[in-house]
Amino acid sequence: MDSCRLNGTYKVQKYNSVLARALLLAPKHLVLLPGLDGTGELFVDFVAALPESCTAPIVAYPTDRFLSYTDLRPFVCAAVHKSERFVLVAESFSTPLAIWYAATNPPNLVAVVICAGFVGRPVGGWSGVRKALAKPWLFRLKLPRTIVEYFLLGENAAPGLLKKLRQALHGVSPDVLSGRVREVLDCDARDELRRTTVPLLYLEATNDRLLSSSCKEEFSHIRPDVLFRSVPSSTLALTTRAAEGRKHRDGVRR
């Protein structure tokens, strides 16, 4: 193995230890950026599982009008801490927003955690077909439980989770959801990722049936020092894993 490769390996290992320390010694503040629904309602169990000393404001996007990624940036800026050190956590749809903000290199941003995220078109060669199907009428349909579990929640989802997901999506205009899907399919935040310097943790949902494997590969190619961790979950990993954890914790308390 040549010296350049050894040096590169050392840098990645050193970076990962820095990220581990950043998360272990993380400030008491998280800022949460939601998935496609944009409501943040699906983060309830995740926030409930956090230590009481930790604050975790949830950014919510408008439900009645479509806003592009550029238009949503002020919502992120308004929610982050101006002086306190914090970790930015983004799920799926909000990944480009988290990467954009991280690329501004704010001094008090400790790390960014990406869950089932992407910086380019997340579905590869099928983008055109899915974009054509992502019309408002599609989001007026009540999809069967089997389809929702297969693509979003995973099999044997926690009781009540399907109801929470339906409620969150029902509260958002179909035109807004349609617009967000099209925005995702046209996404390109690779240049912003190249400008980031903050430690990044990428949580990969092992049972993800929506995102292409190229999503993770793009992160690895652009930022070889990204720390990757696998989560045995579907696309909505933060939601499903937190719900399971809360169910087991409540059972113990009884």
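Modelled spin-label separation between Cys77 and Asn105, with each label point placed 7 Å from Cα along the Cα-to-Cβ direction: 1.9 nm. As a calculated quantity, the FRET efficiency between Arg85 and Val44 at R0 = 25 Å, using C-beta atoms, amounts to about 0.50. One decimal place: the segment Cys54-Ser220 gains 56.8 nm when fully extended, by the rule 0.36 nm per residue minus the C-alpha distance. With neighbours defined as other Cβ atoms within 10 Å of a residue's Cβ, the residues Val231, Val112 order from fewest to most as Val231, Val112.
Each peptide among 104-111, 36-43, 195-202 gets the average number of other Cβ atoms lying within 10 Å of its residues, and from highest to lowest they stand as 36-43, 195-202, 104-111. Model label points for Thr70 and Lys163, set 7 angstrom from Cα along the Cα-to-Cβ axis, are 4.3 nm apart.
The numbers here are math on the coordinates, done by the rules we state, and not lab data. Given the structure is predicted, the values throughout are model-derived calculations rather than measurements. All Cβ positions, even for glycine, are placed from backbone atoms using ideal geometry, and neighbour counts span all protein chains on display.
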